[in-house]
Amino acid sequence: IECHSRGKQHHYYYSAKTTWNTFMRDLHAISVNLGCEQSKVKLFISDAGKGITGNIFETFSNYKYLIDYFHASEHISNFIRELGEKNKKQMAKWRTELTSLLYKSKIKELVNRMKEIRGGKRKKVLRREEQYFMKHEAHFDYSTFRQHKWRIGSGKIESVCRWLIQQRFKQSGM
């Protein structure tokens, strides 16, 4: 969240597993607490969970939305695991190849390569993983984000949340 208050610009990182209504309430509360004359969300990084993506597009249509790189690469791992390949070296080779295409934002090439690897296997789960990448193709623009030195994952925010919770709950008497 970018906040402009008394001529200064502040950035606030918000991370939560929540409902859309709670997110909007929290966004408003953060803006009020920071004394913002205006605030805006510059970038959403999400795992593309059901329910939140549609609302993001409707409400913040002019902001950037990115699917977290770690979560996207998990879909590649799921795809490879579901192939049923026994050769671990081959599986590692495919994982490296596919995640490289993802990292370079070459989504069409990624999906085409997934189809080649899948071959004649018609398992629903394999096709579902391919469709995931096609459905969200515009939200894997990691190469552009890296050029701007923007984050492509939510790891730092998740790490801070874990650290804060551990600091609070591991104190004596907590």
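The values are calculated or read from the model by the stated rules, or taken from the named source; none is laboratory data. Quick caveat, the model's predicted, so the values are computed rather than measured. All Cβ positions, even for glycine, are placed from backbone atoms using ideal geometry, and neighbour counts span all protein chains on display. Side chains included, ligands, DNA and RNA excluded: accessible areas come from the protein's heavy atoms. Shrake-Rupley method; radii C 1.70, N 1.55, O 1.52, S 1.80 Å.
Rounded to the nearest 10 square angstrom, ILE152 shows an accessible area of 30 square angstrom against a 1.4 Å probe. Ligands, DNA and RNA are left out, and with a 1.4 angstrom probe the accessible area of region 77-155 is 63 Å² per residue. Between LYS124 and LYS8, the FRET efficiency estimated from the beta carbon spacing at R0 = 45 angstrom works out to 0.30. A Förster radius of 45 Å combined with the Cβ-Cβ distance from ASN33 to GLU116 puts the calculated FRET efficiency at roughly 0.30.
If R0 is taken as 25 Å, the Cβ-Cβ distance between ARG95 and GLU137 corresponds to a FRET efficiency of 0.80. Note on ASN78 and LYS170: their simple-model spin labels are 3.1 nm apart, each label 7 Å out from Cα toward Cβ.
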